[in-house]
1. Within the group PHE124, PHE144, which residue is closer than 29 Å to PRO83 by Cβ, in contact with a Lys or Arg (Cβ under 8 Å, 6 or more places away or on another chain) and part of a loop (DSSP other than H, G, I, E, B)?
2. Residues that are at pLDDT 95 or above and over 22 Å from LEU129 (Cα atoms), at least 2 per element: which strands (runs of 3 or more DSSP E) completely within the range 1-111 meet that?
3. Would you confirm, using the coordinates I've provided, whether THR64 is under 17 Å from the mean Cα position of the chain (by Cα), closer than 18 Å to ASP12 by Cβ and among the polar types (S, T, N, Q)?
4. Quick check: anything in the range 46-66 free of Cβ contacts under 8 Å to residues at least 12 places away in the same chain, over 26 Å from SER147 (Cβ atoms) and of a type in the set (Ser, Thr, Tyr)?
5. State whether one or more residues within the range 105-120 are surrounded by 12 or more Cβ atoms within 10 Å (Cβ to Cβ), in contact with a Gly (Cβ under 7 Å, 6 or more places away or on another chain) and under 16 Å from ALA56 (Cα atoms).
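The values are calculated or read from the model by the stated rules, or taken from the named source; none is laboratory data. It should be emphasised that the depicted structure is a prediction, and the values quoted were computed from it without experimental measurement. When we count neighbours, we look across all protein chains shown, and the Cβ atoms used for this are built from the backbone with ideal geometry, even at glycine.
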Amino acid sequence: MTIVVREAVSDDLEQIVQLRMRLFDKLVDFNHGKAVDDDLLQSTRTYFREAFQNGACKTWVAQTGEHIVACGSLAIFVRPPYPGNVAGRDAYLLNMYTLAEYRKQGLARQILQHAMRYAHEQGFAKIWLHATEDGQALYASEGFEPSSQYMEWEVNPGV
């Protein structure tokens, strides 16, 4: 069984969306205890369809045969330049998910390394993420460090 890690293309859309829904099913607390609904499913399709066109998000997949078994994405943010980031470009790592039967084979690491290489080539100042407990060791081993430098406000808690 050969597994290839590559940049996603628009034909991968539905499989990427389905893996993201599986991720949400696993992260029930993140999803405020709510099941994935049709609005979230359709909005996710729309987001990734548009991202393939406008480059606002880059996704990498691990594929065996016709099946995508893992994925990860970088959402790209452009903001005013600031000290240490004159280009004003950062990225948020999200959508990291591997089907259970394909875990512990280094696929997430390969996807992460593709994303990190892309961010470096594009001159991004940083990549940030929210790690699950399962993912923390992987990110730490690739040089990510915990940060307490930001706060967040949930505009519509529980919605």
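1. PHE124
2. Of the strands (runs of 3 or more DSSP E) lying wholly inside the range 1-111, those with at least 2 residues that are at pLDDT 95 or above and over 22 Å from LEU129 (Cα atoms) span 57-64, 67-78.
3. No, not satisfied.
4. Checked the range 46-66: at least one residue is free of Cβ contacts under 8 Å to residues at least 12 places away in the same chain, over 26 Å from SER147 (Cβ atoms) and of a type in the set (Ser, Thr, Tyr).
5. yes
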